[in-house]
1. Does V7 fit the bill of being surrounded by 11 or more Cβ atoms within 10 Å (Cβ to Cβ), modelled with pLDDT of 90 or more and either out of contact with any Gly (no Cβ under 7 Å at 6 or more places or on another chain) or of a type in the set (F, W, Y) (or both)?
2. Give R45, R16 a once-over and let me know the one that is surrounded by 13 or more Cβ atoms within 10 Å (Cβ to Cβ) and of a type in the set (K, R).
3. Go through the stretch 14-53 and count every residue that is part of a strand (DSSP E or B), out of contact with any helix residue (DSSP H, G or I) (no Cβ under 6 Å at 6 or more places or on another chain) and β-branched (V, I, T).
4. Is there any pair with a first residue in the stretch 32-47 that is over 17 Å from Q12 (Cβ atoms) and a second that is hydroxyl-bearing (S, T, Y) whose Cβ atoms are under 8 Å apart and which are 6 or more apart or on different chains, and what are they?
5. List every residue pair whose Cβ atoms sit under 8 Å apart, with the two residues 6 or more apart in sequence or on different chains, where the first one lies in the stretch 1-19 and is on the phi < 0 side of the Ramachandran plot and of a type outside the set (D, E, K, R) and the second, anywhere, is assigned to a loop (DSSP other than H, G, I, E, B) and modelled with pLDDT of 75 or more.
Amino acid sequence: MTKETAVKLFEQKQVRSVWNEEEEQWYFSIVDVIAVLTESSVPKRYWTDLKRN
């Protein structure tokens, strides 16, 4: 993997990330973060419901 795209581990779960060279910032997959924090079995659905409210 390169610096531009990488998989980070948090509590032994994968979180996809991308490095933006221009902004010099990491961006993380919100669905992966939700999966780690909520332990939801369907994190994409959790995110969809969260955006709806």
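The values are calculated or read from the model by the stated rules, or taken from the named source; none is laboratory data. Not measured: the values here are computed from a predicted model. Please note: Cβ atoms are built from the backbone with ideal geometry, for glycine as well, and neighbour counts cover all protein chains shown.
1. No; evaluated as a whole, the condition is false for this residue.
2. Unique residue meeting the criteria: R16.
3. The number of residues fulfilling the criteria is 1.
4. Going by the 8 Å Cβ cut-off, the qualifying pairs are Y46/T38; Y46/S40.
5. Cβ pairs passing all conditions: V15/S29; S17/S29.
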